[in-house]
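Only one structure is covered here, and it is reproduced in the block below.
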Amino acid sequence: METLNYEPLALEEEEKNLIREYGTVVNYPKGQIIFAAGDTADRIYLIEEGFVKIYRITADGRRVTVGSMRSPGELMGLAETLYHGERTCFAGAINDATLVVVRKNRFEELLEQHPAIAIKVAKTLGVRMREAEAIIHEMVCWQVPGRLAMLLLKMSERAGVETELGTKIDLRLTHEEIACMIGTSRQTVTSLLNTFKQEKSIVIEGREMYVVDTEKLNKWIV
């Protein structure tokens, strides 16, 4: 079955260097909020190291992930900054993260002077829109096991390290954090991970998780 997976557009190293010249490097420890809903959107971010989650907080206090995990080399905070609105979501560091922060006026100068980067930003926003549509499709059409299987496959692609045992997911997420990413409960995530472990599609050793059989995981995506 074809999965709706939109890969982020990669910036060339020369393009990253230009963005670095216009911004400031900031380090965020694991769990720190990078921006919050209601903040003025007056800056964009280039992720140098680490991973970032985009989420909202529901009326009853639950965190619900509303976008894909942002990876090293990606830009984020683009849309709201370009029209200078307020943030509608939160961004939090999944692990220790290093970001280049560029103020709105400096970023606009960069785009004016380097049209190739402006075009890539426009394409990135297009990919994000399709990505949001894909997430809605997954939530509506796929059962929870399929959503979890897809998340594990995506994480193994974006944060995977090949080992003799399998593809190690180089992120330590709690079951609660995973639950927020796929719209379910912590208990359901724990139960499903045990199912995947029993069928030998994944291996869990301590706090480390390995994807060992992608074909078995893909069969859950229905």
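The values are calculated or read from the model by the stated rules, or taken from the named source; none is laboratory data. It should be emphasised that the depicted structure is a prediction, and the values quoted were computed from it without experimental measurement. Virtual Cβ from ideal backbone geometry, glycine too; neighbours counted across all protein chains shown. To get the accessible areas, we keep the full protein, side chains included, count just its heavy atoms, and leave off ligands, DNA and RNA. Shrake-Rupley method; radii C 1.70, N 1.55, O 1.52, S 1.80 Å.
Working note: Karplus 6.51/-1.76/1.60 with θ = phi - 60° gives region 75-88 the couplings 8, 8, x, 6, 4, 5, 5, 5, 9, 6, x, 9, 5, 9 Hz, where Gly and Pro are set to x. Here semi-axes √(5λ) of the Cα gyration tensor in Å was calculated from the structure, and among (1) 32, 18, 17; (2) 42, 24, 13; (3) 22, 20, 18 it sits at label (1). Does anyone have the angle between helix 13-22 and the longest principal axis of the chain? Alpha-carbon axes, 0 to 90°, nearest 10? The helix 13-22 is inclined about 60 degrees to the chain. Estimated purely from DSSP H runs of n ≥ 4, each contributing -39500 (n - 2.57), the mean residue ellipticity at 222 nm for the chain is -13000 deg cm²/dmol once divided by its residues.
Within the straight-line cut-off of under 28 Å between alpha carbons, the lysines reachable from residue 197 are 30, 53, 154, 168, 216, 219, sequence neighbours fewer than 8 places apart in one chain being disregarded. Using the average count of surrounding beta-carbon atoms within 10 Å as a protection proxy, the listed peptides 39-49, 187-197 rank, highest first, as 39-49, 187-197. Here the contact order of region 129-222, divided by its residue count and restricted to Cα pairs under 8 Å and six or more residues apart, works out to 34 percent. Proximity of backbone amide H atoms, modeled 1.01 Å from N, is registered between residue 73 and 47, 48 at under 5 Å, excluding neighbours fewer than 5 places apart on the same chain.
Computed 3J(HN,Hα) for region 188-195, one whole-Hz value per residue from the Karplus formula 6.51 cos²θ - 1.76 cosθ + 1.60 where θ = phi - 60°, is 5, 4, 4, 5, 5, 4, 5, 5, glycine and proline marked x. Pairs of Cα atoms nearer than 8 Å and 6+ residues apart set the relative contact order; for the chain it is 22 percent. Once backbone amide H atoms are built at 1.01 Å from N, residue 88 has 38 as its partners under 5 Å, excluding neighbours fewer than 5 places away on the same chain. Full extension of the chain segment joining residue 188 with residue 108 gains 24.3 nm, where the gain is 0.36 nm per residue of separation less the Cα-Cα distance.
With the charge dipole of region 143-220 set up from +1 on Lys and Arg Cβ and -1 on Asp and Glu Cβ about the Cα centre, the Cα lying farthest toward the positive end among the listed residues 163, 181, 217 is that of 181. With protein chains left intact and a 1.4 Å probe, residues in region 13-140 average 49 Å² of accessible area per residue. At full extension, residue 119 and residue 215 could sit 30.9 nm farther apart than now, given 0.36 nm per residue minus the alpha carbon distance.
The accessible surface of region 143-220, taken with every protein chain in place and a 1.4 Å probe, is 46 percent carbon and sulfur. Using 0.36 nm per residue and subtracting the Cα-Cα separation, the extra length available between residue 163 and residue 198 on full extension is 10.6 nm. Pick out which of 123, 154, 53 has the largest mean-square fluctuation in a Gaussian network model of the chain, springs linking Cα atoms closer than 10 Å. In this elastic network of the chain, the residue with the biggest mean-square fluctuation among 123, 154, 53 is 123. Around the Cα centre of region 143-220, unit charges on the Cβ atoms of Lys, Arg, Asp and Glu (plus for the first two, minus for the last two) sum to a dipole of about 260 debye.
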